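Structure, as structure tokens:
The values are calculated or read from the model by the stated rules, or taken from the named source; none is laboratory data. None of these values were measured; they are calculated from a predicted model. Positions of Cβ are generated from backbone atoms using ideal geometry, with glycine treated the same way; all protein chains shown enter the neighbour counts.
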Amino acid sequence: MAVGYLMMQARTAHDAVPLRGVQISVLDDEQNRIYELTTDENGDTRSVSLETVDKSYSQNENFAGTPYVTYNVLARAQGFNTLFVADIPIFDGELAVLPLALVPMQEDQRSSEQTRITVGAPAVTMTGEREQEGPGREAGDQYVLRQVVIPNPITVHMGTPDSTASNIQVSFPDYVKNVASSEIYPTWPEAALRANIYAIITFALNRVYTEWYRAKGYSFDITNSTAYDQYFVYGRPVYESISRIVDQIFNEYVRRQGQNAPYFTSFCNGTTANCAGLSQWGTVTLANQGYTPIRILRYYYPDDIEIAETNAVSNVVTSYPGTPLRVGSTGLDVQTIQTYLNRIRRNYPVIPAITDETGVFGDSTRAAVTKFQSIFNLATDGIVGKATWYKISNLYTAVTRLAELNSEGNSLGIGTVPPSTVLRQGSRGQDVLTLQYLLDVIAEYYSGIPSPGQDGIFGNNTREAVIAYQRQMGLAADGIVGQDTWNSLYRTYQGISQNVPPSNPAPNPVPDPENVITYTVRPGDTLWQLAKRYGTTVDAIKQASGITSDDLSIGQVLRIPVSQGEQYFLYTVRPGDTLWLLANRFGTTVDAIRNLNGLSSDALRVGQVLRIPE
């Protein structure tokens, strides 16, 4: 009997918030319940075994049947709409990891609604023609961007280019894993898998590099239509064999020697559809003949192609240093990882505390890294390579982003009664800031809604976010925010506030005394220095924070008593921020921010942490 495996992961807000206690049923095609599972504190279930078909059938292009068995998953959680994922292919010897994209219920929603996702057959079985169009392949062809950049996130249109389908934003490694799991069989020889994954990565990077869609006025990078691009199924599982390879090569791509541009790596299955590019089934034949991935690629593409690497990743505060970090490593990069993991630990408390000296990669840092890798299905070697680095970096960005949004909500004074102003493109002012803030929060939990950013100006990005929201909620998608849209935004926002678990629960909470700020410990901090800085005492900080030791760890959250005039919160600078915008957004002055932070100029850098007066 052939056996495959399935596990579920329930997380929200770009993995920042694990959902514990989600009730999951695994069902066969006749809806018989096979397993009843519950997610743990990391939002994970255990891996369960399921009967399937021998892998030899999925490795034979002449097999006319279905070389896998499909199953269904029903997920239910208090405060969230129900999710039903149908037709999940389970392959012999493969672990399928299913992300559960649960959506928070709206305020006063009386009963849970059900969202249905159908996974279905991989694209390699499809009979339709693939008509992938792209830039010419000659050396003189013109390209748009100067540098090959990994889009983080990549925006995928869930239909043909001119359709009114939604756009989904997803991290680039997760996109590649999804596409590879949707295009081909995970049981193929590794050389065939790698060759196909290189083609998938390069095809997407070519679309981004040439701005193939954005130059035509579209608001996305690529579609999920197999006729135009490559297959992407939102909410589907990814397979461990594919995930492992993508983690190793997601920033590597195919180019011709002497060129920087990603080659246009068109492909088709090579059986029911033929094309000028790579044959997916042909890669299996060549791999079985002993061909390496690059040799397979050169069989279908020009002989002078090569594998190149880019370390340029958009929207990452700190780029991968280029060499792995391991026990014995020292320096600023180690300190960065320690800081990030200590902050992430507040959301994932099973990650052990790091007690090593700041900037020194010792045993406790390795233990924290290994546990992090285990939670996020990375190779558990305790070494921070590029896959682990970028996952830690992305998750740190996600958890701190939620903390910033919570702080901004308090500063903006979001109440329970929506504004009555009608807003449209060109509007400005405080109500636009409120609108942008609501959309920013909602975008964390609804992948089809882009984050517009907050500048108080209703521009094109805000209009696109409003239209995406209106389509998601079944409203008239006119990009104008009238009372119906305002009311819906508030119901959705309040539903998130009521139903989503806290994003950064503080350990051992104690009652807040008057005039207390929260402070995240940074490298070099001591209780004595903090007491001196905020005009209080070491004992007062200990009592307010519920601690007994003088030892501090990076990322630890303290409660510090301050005088009325010294209250502030921390804010991480994002692209487009200026002191003037921040002062207006948070009801203070440029001079107050300058003085509190000891700034001598108005220049800001992305990732800089500012103190904002409350």
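Can you tell me how many residues in the range 143-160 are buried (at least 17 other Cβ atoms within 10 Å of the Cβ) and not aliphatic (A, V, I, L, M)?
Count: 5.
Identify all residues within the range 113-151 that are assigned to a loop (DSSP other than H, G, I, E, B) and modelled with pLDDT of 90 or more; write none if there are none.
Glu113, Val119, Gly120, Ala121, Pro122, Val148, Val149, Pro151, listed by residue number.
Please state which of the following conditions Asp363 fails to meet, knowing it meets all the rest: (1) without any contact (Cβ under 8 Å) to a residue 40 or more places away in the chain; (2) under 25 Å from Asn311 (Cβ atoms).
The one condition Asp363 does not meet is (2).
Answer yes or no: is there a residue in the range 226-241 that is crowded, with 22+ Cβ neighbours inside 10 Å, among the aromatic types (Phe, Trp, Tyr) and assigned to a strand (DSSP E or B).
Yes: the range 226-241 contains one or more residues that are crowded, with 22+ Cβ neighbours inside 10 Å, among the aromatic types (Phe, Trp, Tyr) and assigned to a strand (DSSP E or B).
Output yes when any residue across the range 110-128 is outside the structural domain of Asn260 (by TED's automatic domain parsing), farther than 26 Å from His14 by Cβ and among the charged types (D, E, K, R), and no when none is.
Yes, the conditions are met somewhere in the range 110-128.
Identify, please: which residue in the range 9-56 is more than 18 Å from Tyr68 (Cβ to Cβ) and among the aliphatic types (A, V, I, L, M) and is, among those, surrounded by the most Cβ atoms within 10 Å (Cβ to Cβ)?
Ranking the qualifying residues of the range 9-56, first place goes to Ala10.
Can you tell me which residue within the range 304-318, out of those that are of a type in the set (A, V, I, L, M, F, W, C) and part of a loop (DSSP other than H, G, I, E, B), is nearest to Ala195 (Cα to Cα)?
Looking at the filtered set, the residue picked out is Ala312.
Determine which member of the set Thr400, Thr434 is without any contact (Cβ under 8 Å) to a residue 24 or more places away in the chain, surrounded by 20 or more Cβ atoms within 10 Å (Cβ to Cβ) and not in a loop (DSSP other than H, G, I, E, B).
Thr434
Taking the range 1-30 only, how many residues are over 20 Å from Arg236 (Cβ atoms) and either aromatic (Phe, Trp, Tyr) or free of Cβ contacts under 8 Å to residues at least 60 places away in the same chain (or both)?
Final tally of qualifying residues: 4.
Restricting to the range 495-549, name every residue that is within 36 Å of the chain's Cα centre (by Cα), of a type in the set (Ser, Thr, Tyr) and either in a loop (DSSP other than H, G, I, E, B) or at pLDDT below 75 (or both).
Within the range 495-549, Ser503, Thr526 qualify.
Table: residues versus (1) crowded, with 21+ Cβ neighbours inside 10 Å; (2) in a helix (DSSP H, G or I).
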| site | (1), (2) |
| --- | --- |
| Tyr291 | no, no |
| Tyr320 | no, no |
| Val327 | no, no |
| Tyr348 | yes, no |
| Ile351 | yes, no |
| Ile354 | yes, no |
| Thr365 | yes, yes |
| Phe372 | yes, yes |
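Quickly run through the range 164-200 and pick out the residues that are under 22 Å from Asp221 (Cα atoms), touching a strand residue (DSSP E or B) at 6+ places or on another chain (Cβ under 7 Å) and not in a helix (DSSP H, G or I).
Answer for the range 164-200, where residues must be under 22 Å from Asp221 (Cα atoms), touching a strand residue (DSSP E or B) at 6+ places or on another chain (Cβ under 7 Å) and not in a helix (DSSP H, G or I): Ala165, Asn167, Ile168, Gln169, Val170.
So which pairs qualify, if the first residue must be in the range 473-491 and without any contact (Cβ under 8 Å) to a residue 40 or more places away in the chain and at positive phi, the second must be in a loop (DSSP other than H, G, I, E, B) and among the hydrophobic types (A, V, I, L, M, F, W, C), the Cβ gap must be under 7 Å, and the two must be at least 6 apart or on different chains?
Going by the 7 Å Cβ cut-off, there are no qualifying pairs.
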